[in-house]
Amino acid sequence: MTLDAKIPSGPIEKKWEKHRFDMKLVNPSNKRKYKVIVVGTGLAGGAAAASLGQLGYEVEAFCYQDSARRAHSIAAQGGINAAKNYQNDGDSIFRLFYDTVKGGDFRSREANVYRLAEVSNAIIDQCVALGVPFAREYSGYLANRSFGGAQVSRTFYARGQTGQQLLLGAYAALSREVALGSVKMYPRHEMLELVVIDGHAKGIVVRDMVTGKVSSHAADTVLLATGGYGNVFYLSTNAKGCNTTAIWRAHRKGAFFANPCYTQIHPTCIPVAGEHQSKLTLMSESLRNDGRVWVPKKAGEQRKPWEIPEDDRDYYLERKYPSYGNLAPRDISSRAAKQVCDEGRGVGPGGRGVYLDFTDSISRLGKGVIEARYGNLFEMYERITGEDPWKWPMRIYPAMHYTMGGLWVDYNLMSNLPGLHVLGEANFSDHGANRLGASALMQGLADGYFVIPYTIADYLTKVKPGTRAGVDHPAFKEAEAEVAGRMKKLLSIGGTKTVDEFHKELGQVMWEFVGMGRNEAGLKTALQKIPQIRERFWKEVLVPGSGADFNQELEKAGRVADFLEMGELLAYDALMRDESCGAHFREEHQTPDGEAMRDDEKYAYVAAWEFKGEGKAPELHKEALEFENVHLAQRSYK
Amino acid sequence: MKLTLKIWRQESPSAKGRLVAYPMDHVEGDMSFLELLDILNQSLIKKGEAPVAFDHDCREGICGSCGFMISGIAHGPQKLTTTCQLFMRQFKDGDTIVAEPFRSKAFPVIKDLVVDRSALDKIVQAGGFISARTGSGPDANAILIPKEKADKSMDAAACIGCGACIAACPNGSAMLFTSAKISHLGLLPQGQTERHQRALRMVSKMEELGFGACSNHGECEAVCPKGITLEFIARLNRDFLVASVVATKEAVKKV
Ligand SMILES: Cc1cc2nc3c(=O)[nH]c(=O)nc-3n(C[C@H](O)[C@H](O)[C@H](O)COP(=O)(O)OP(=O)(O)OC[C@H]3O[C@@H](n4cnc5c(N)ncnc54)[C@H](O)[C@@H]3O)c2cc1C
Ligand code: FES
């Protein structure tokens, strides 16, 4: 099978406009005859459900939390990019496009990225119209800050709670549609299976997490906006419920999984405190605007940070990347931190930490300014660590954060499986092998507000209204039976180990062998270990309770079972990709000073994996990447 | 440290609940309250007992999923802190800590510490939005907003919808929650057109859903993990009053 990305012809800056004109429109009186299922109400799903409801489609939206407002997008702190050039500092749509392609280490699709940059400005307009209280200058104009991987100031923000405010905007728009009856909202419902009829995605099977009831929902098209799979590492900055289940189930039903090995480790997180650690907390990257990252020059340093004189400190990011300094991109900063800690120069318990020091900024700008900029982050740090960051520099360490990989989609955000659309972090589309800060919020809202409302028509105009199968179709019954069977099996094993124990075990393997530094031997070890853990899971796991009521262990068990399959594909992809690119760092391929070395001859493609059945090797499909507008070059931030 | 957790156990909405004591050894200051519950749950599962159900997701104090009464205080003793961000260093050796669900007429218990807060979504659906179709907004800088206004609006918008204010209120009132949304939008120029209608609709929905009236106890402000202040309730009252007067006038005109 050849993958057709359906990239419109013509010059890059005309493609989207041309495509919007070329696509057929859905007849307004037919819109209400089409039913659209949206799984996920984060930025991508929330924005999509609200916008599609406004257009007149009949929308059903699902999320696993008790309210749409709690999707994981809420946790994003730093900001959202747009090419407004309000600062007059040389930004443009083309520059945002260029930075994103370069930041992704030339592993993303140019046409999609250009469109993202192109609609970025409308996102800010829309958010302001919805009442998002972005930060302002005294003049009343919008304020901006800079973020990693860019030399212009293009990031819009709402204190340290940008994701929250953007999500509350989308949630408000969604709430309005719910009240008007155009969207029906199903909170505390988890999607456990995708239903495919005659090769098209036509519905889902969900479990009501309060009553345990399993039911089917039919639609003309299904949108998955279910977020990232970072929790395959157990410890990550993701919310505890983030999972791969929706996209993994779709993958098993025929949707290709693209670039699963592109996983981003964020450089500024609070280090692990102990065995009981249940998740990791990100300290916004914006801190790197004013904080300086350093470690002692000598290994085993015992002095307190303030007793260490300048000469004995190594501001390693400023030293290695003089032009970007502390704002070097995430993958590069994370690896640099690991490297200095591997050399024994790390700080704090276990030596897994580096200092993020504000002393210079405080003396330059005054405590008031720093407090206004980062006060809430300082408080959060103190609450979690019990250390006062005004006295003692913060300690940070990289943690699993974001997944660039996801289900393969074409220019219309449709998977190879017709009728299945994938939005936001759940798809693979825009960030290549590494995402730049403040670009995920942009992508989620671009997909939801400004892309899918148009491109959904490309599919729906080919579906005759009123031809939708009902939930009594055998495909639904089969899928329901599969779900019920799986739950029954999980509940009946009655082993001795808890779900969390297996999840932690998987996470350790992933972090050690498929984490920041990867190599052939380690990946092969992971590929041996993961199936073993999975096999033991299905023999030894202990899931208490029943399927017929509120059962959080059962929910977790289903998610971990899917992670145990997904993790293997991730390692498999990492082994196949015998080059370093962006966040995928194969130790065999690095420059003498430790930078990632791509192999464009062999690997300038998207790896899209097809599920071939349990116990069978997945099949690789390649989408060649062509760079017509950005020159392929070694990424340099020096 | 060693301490005792007394936790409300209730199997289902209709079952009768009771407090059950669980002695906890090896508690460390660096553990969050929820991590302590994780540890308890692991041991309960291994003993063949039902783990304690509690809502949580981000564990960063922002999603508003978590929350229960900790020794009588919504989210526990530390100011400006959600349950997930409460660390055990706030307690001392030998303490007995009582964990009970948020209690309010509008929040029925689902299981153990989990309650149904969907009434909060319904209040927002009644009018907690600005009706701006996707794509209809003017250039973002065409709307100038004085910094103080934007900041104040952000203070109100910081509400995470956890429901602590309602659980803390002797009347079970949702005024702090509702006023935060009304102030967030009402302080912005974009929010003016629907301002009065918003106040009328959200307040009447709140009453309809069984939330009590506000009699200025101030308990809500004291427990709010995001520092939402009573000042916003005053704003809501003003908006509501003006809106009611306008509504009456219009009703008179129509006669
Ligand atoms: C701590 C943190 C800080 C961040 N900061 C920034 C930042 O400053 N700037 C930036 O650009 N990006 C940031 N990101 C990344 C960004 O927040 C996410 O990539 C983005 O919000 C994802 O949005 P989404 O809509 O794709 O998914 P999510 O917001 O994760 O939403 C997923 C939705 O799917 C639902 N769901 C999932 N599985 C199922 C299922 N099986 N059944 C039913 N429903 C399901 C959930 O209930 C939820 O509604 C940050 C991420 C983290 C973790
Ligand atoms: S779990 Fe999200 S606020 Fe506590």
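Place a point 7 Å from Cα of A:E610 in the direction of its Cβ. Which residues in the range A:236-258 have their backbone N less than 15 Å from it? Under 15 Å, as judged by backbone N against the label point of A:E610, lie A:251-258 of the range A:236-258. Here each label is just a point 7 Å from Cα along the line to Cβ, and for B:E207 and B:N237 those points are 1.6 nm apart. The packing ranking, built from the mean of other Cβ atoms within 10 Å per residue, places the peptides A:618-624, A:457-463, A:325-331, B:14-20 in the order A:325-331, A:457-463, A:618-624, B:14-20, highest first.
Relative to the Cα centre, the charge distribution of the range A:83-164, modelled as +1 at Lys and Arg Cβ and -1 at Asp and Glu Cβ, gives a dipole magnitude of about 160 debye. Rounded to the nearest 20, the size of the Cβ-charge dipole of the range B:3-111 about its Cα centre is 520 debye, with Lys and Arg at +1 and Asp and Glu at -1. How far, in degrees from 0 to 90, does helix B:33-46 lean away from the longest principal axis of the Cα atoms of chain B, to the nearest 10? Between the helix axis and the principal axis of chain B, the angle is about 50 degrees. The fraction of Cα-Cα pairs per 10 angstrom bin, counted from 0 for chain B, comes to 7, 27, 30, 19, 11, 4, 1, 0 percent, rounded to whole percents. Helical content alone sets the calculated 222 nm signal of the protein assembly as shown at -11000 deg cm²/dmol, taking -39,500 (n - 2.57) per DSSP H segment of four or more residues and averaging over every residue. Structure note, pairs A:K298/A:K638; A:K102/B:K149; A:K488/B:K122; A:K6/A:K35; A:K298/A:K391: Cα-Cα distances above 32 angstrom occur for A:K102/B:K149; A:K488/B:K122. Counting Cβ atoms of other protein chains within 10 Å of each residue's Cβ and taking the mean over peptide A:134-145 gives 4. For A:V38, nonlocal amide neighbours, meaning residues 5 or more places apart or on other chains whose placed amide H falls under 5 Å from its own, are A:E60, A:A61, A:F62, A:L223. Taking 27 Å as the straight-line reach from the Cα of B:K16, the lysines in range (excluding those fewer than 8 positions away in the same chain) are A:K213, A:K556, B:K6, B:K46, B:K47, B:K105, B:K111. Straight-line cross-link partners of A:K202 among the aspartates and glutamates, defined as a Cα under 18 Å from its Cα and at least 8 positions apart when in the same chain: A:E58, A:E60, A:E190, A:E193, A:D220, A:D458, A:D472, A:E478, A:E480, A:E482.
Gyration tensor over the Cα atoms of chain A: the corresponding equivalent ellipsoid has semi-axes (square roots of 5 times the eigenvalues, largest first) of 37, 29, 24 Å. Full extension of the chain between A:K253 and A:N27 gives 78.3 nm of extra length, using 0.36 nm per residue less the Cα-Cα distance. The long axis of helix A:499-513 is offset from the longest Cα principal axis of chain A by roughly 60 degrees.
Here is the list for the range A:232-340: GluC sites (Glu not before Pro) lying in DSSP coil, each with at most 14 other C-beta atoms within 10 angstrom of its C-beta, are A:E275. Compared with the alpha-carbon gap, the fully stretched path from B:H217 to B:S131 is longer by 27.6 nm at 0.36 nm per residue.
Backbone amide hydrogens, once placed in the peptide plane, bring B:L5 within less than 5 Å of B:Y22, B:M24, B:I97, excluding anything fewer than 5 places away on its chain. Pairs exceeding a 27 Å alpha-carbon distance, out of A:K31/A:K612; A:K240/B:K226; A:K31/B:K181: A:K31/A:K612; A:K31/B:K181. Which one of A:M414, A:A484, A:I308 is farthest out on the positive end of the charge dipole of chain A, using unit charges on Cβ (Lys, Arg +1; Asp, Glu -1) and the Cα centre as origin? Of the candidates, A:A484 comes out farthest on the positive side. Sparsely packed loop sites in the range A:67-149 (the chymotrypsin sites (Phe, Trp or Tyr not before Pro) outside DSSP H, G, I, E and B with at most 11 other Cβ atoms within 10 Å) comprise A:Y138. Considering only alpha-carbon pairs that sit under 8 angstrom and 6 or more positions apart, the relative contact order computed for chain A is 21 percent. Pairwise Cα distances in the range A:1-144 exceed 21 Å in 61 percent of cases. Peptides B:45-51, B:182-188 ranked from most to least packed by the mean count of surrounding Cβ atoms within 10 Å: B:182-188, B:45-51. Of all DSSP-defined beta bridges confined to chain A, some 70% are antiparallel rather than parallel. Taken about its Cα centre, chain A carries a charge dipole of about 1020 debye when Lys and Arg each add +1 at the Cβ and Asp and Glu each add -1 at the Cβ. Over all residues in A:57-67, what is the mean tally of Cβ atoms on other chains that come within 10 Å of each residue's Cβ? The per-residue average across the peptide is 3. Within 10 Å of the Cβ of each residue in B:147-155, the mean number of Cβ atoms contributed by other protein chains is 5.
The numbers here are math on the coordinates, done by the rules we state, and not lab data. What you are looking at is a predicted structure, and each value in this text was computed from that prediction instead of being measured. When we count neighbours, we look across all protein chains shown, and the Cβ atoms used for this are built from the backbone with ideal geometry, even at glycine.
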